Each structure stands twice: as structure tokens, then as C-alpha cells.
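Okay, so here's the structure we're looking at.
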Amino acid sequence: MLLTQKTLVEGCRMLASCCARQLDLEHGHPDADGRRAATRRAALLIPIVKAFLTDVGQEVASLGVQVYGGHGFIREWGMEQLMRDSRITQIYEGTNGIQALDLVRRKLLGDQGGELLALQGELAVASEALQGRAALAPLAEPVLQRLEEWRQLTGQVLEACARDPQEIGATSVDFLQYSAYVLLAALWLQAAARAQEALDGGSGEGDFYRAKLRSADFYLRRILPRASMHREALLGGADCLMALPEEHFSF
């Protein structure tokens, strides 16, 4: 539970920082083309950040209650308050389902996946550059596999939504979640690279950087597999969602 909390929270901080950087560049880049590029990238990332980070916040708050056992449910520790407070964040500024629809309908379909495919390409190039480093190759390989799978899945979602508009809603939440888990994987790989560089350079904070490497390994082996569940659900199609008549919900 503790490693799940640690790796999700730190991964989400990295993702939030990436998005914040694009917002800074949107206003502060000296070149107009650079500002426009940052605007596009921020627009793509914002629904993922809003939805995934708040979902993770609720999950890790719930785990915080669980860590304490029965004591986590009583007021003295304050965990139950954090869990209640985190729940509303999934509703603020449009529920997370609305954020997922924004990602697929406006951002993905809006440019036929152009910006997302560009991001996937950039992450793949950065990850491929680490394959040749012996200490990082075992981490780089699963990330590259997922990035390629994400690219293919993006094409499948575009095709499905063009074929049946119901697929927009049916795929949106799972596609957002899948995208977020893979994004965090790519970011954890980069964090591991920086940590390895620091260790190779004889950093006096060896324990800190070794913790980053072990956290990256945990995320890739124990958290990233969640993406497969969302992929399988997404590919299940919209027809099963729409097959049950409204009046049958009373049974």
C-alpha cells in the first residue's frame, strides 16, 4: 500500500509539473510558434491531469485509511477527513467523466490524434535513448512496449469513434486512464535515468536516488499493468453499454 501511494503520488507530481511547464511556456515562450505549441500540449494534458490526479488522490487517501486499520476510520488521525475532502475533487470543474469526454471528443478527435501522436513520438524517442544503458534497459523496454501499444490504441479509438459516435463516451474514461498510466511510466523512466546519472556521478545523496530507481521499478512492474485492464475494457465496445433498455435498470 505504501509503495502504491508513493509511486502514484510522485508520478502524478511529475505529470502535473509537465503540464504546468506547458502553461508557463504558453505565456512566456519568446517565440509565437513555441507559445502555440505549448497551448496545444497543455490543452491535451489538462483533462488527464484533472481526472487522473483526482482519481489517484481518492485512491491514496483510501489506502491511507486502510494503512491505519480500524484506527483510520476514526477522527483522531484525520485520515477520514482527507478521504472525504479528496472525494469532491473528482467532481470539481466538471466531473472526471466530462474530462474524459473532453480528451476524446475535443482533443483527440479535434485534430485526429495529431497532438497526442506527437507526444507519444517524443516520449518514444526519449525512452529509446535509454535502451543502450545497461542499468536502465530493463526499465526502458516495458515503457517502449506500452508507448507503441498506446499509439496503436489511439488509432483504434479514432477508428471506432468515426464508425460509431457512441464509442466516444464508451471509450473515453478507459482511454484517459490508460493514457495516464503510460504517461507516468514514461516519466518514471526519465526519473530513473536522472537518478542513475546522479549515482554514477558519485552523488552524496545515494539513498535518495536509489529509492527513485526502486520506485520506478515498482511502478513499472506492479502499477503499470493496470493499463491492460483499461485497454481490454475499451476494446469491449459500446454495444454492451447500450444494449440494456432503460426500463430494465429497475430489475
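The values are calculated or read from the model by the stated rules, or taken from the named source; none is laboratory data. Since this is a predicted model, take the numbers as computed values, not measurements. Ideal geometry is used to build each Cβ from the backbone, glycine not excepted, and the neighbour counts take in all protein chains shown.
For the range 74-97, filtered to residues that are hydrophobic (A, V, I, L, M, F, W, C) and more than 19 Å from the chain's Cα centre (by Cα), the residue that is surrounded by the fewest Cβ atoms within 10 Å (Cβ to Cβ) is ILE88. For ALA100, indicate whether it is modelled with pLDDT of 95 or more, buried (at least 22 other Cβ atoms within 10 Å of the Cβ), outside the structural domain of PHE52 (by TED's automatic domain parsing) and small (Gly, Ala, Ser). Taking the combined requirement at face value, the residue satisfies it. With the structure loaded, tell me whether ARG36 is surrounded by fewer than 14 Cβ atoms within 10 Å (Cβ to Cβ) and under 26 Å from PHE175 (Cα atoms) or whether it fails that test. Yes; evaluated as a whole, the condition is true for this residue. Counting only helices (runs of 4 or more DSSP H) wholly contained in the range 179-251, the ones carrying 2 or more residues that are surrounded by 13 or more Cβ atoms within 10 Å (Cβ to Cβ) occupy 206-218, 226-235. For the range 210-251, the candidate set comprises residues that are polar (S, T, N, Q) and modelled with pLDDT of 95 or more; within that set, the residue that is nearest to TRP150 (Cα to Cα) is SER228. More than 15 Å from the chain's Cα centre (by Cα) and not assigned by TED's automatic domain parsing to the domain that holds ARG221, is that true of GLY121? So GLY121 fails the test. Quick check on my filter: what residues within the range 30-77 are in a helix (DSSP H, G or I) and aromatic (Phe, Trp, Tyr)? Hits for the range 30-77 are PHE52, PHE73, TRP77. Closer than 20 Å to ALA16 by Cα, buried (at least 17 other Cβ atoms within 10 Å of the Cβ) and not assigned by TED's automatic domain parsing to the domain that holds ARG163, is that true of VAL65? The answer is no for VAL65.
The residues of the range 41-67 that are in contact with a helix residue (DSSP H, G or I) (Cβ under 6 Å, 6 or more places away or on another chain) and over 21 Å from GLY97 (Cα atoms), listed by number, are LEU63, GLY64, VAL65.
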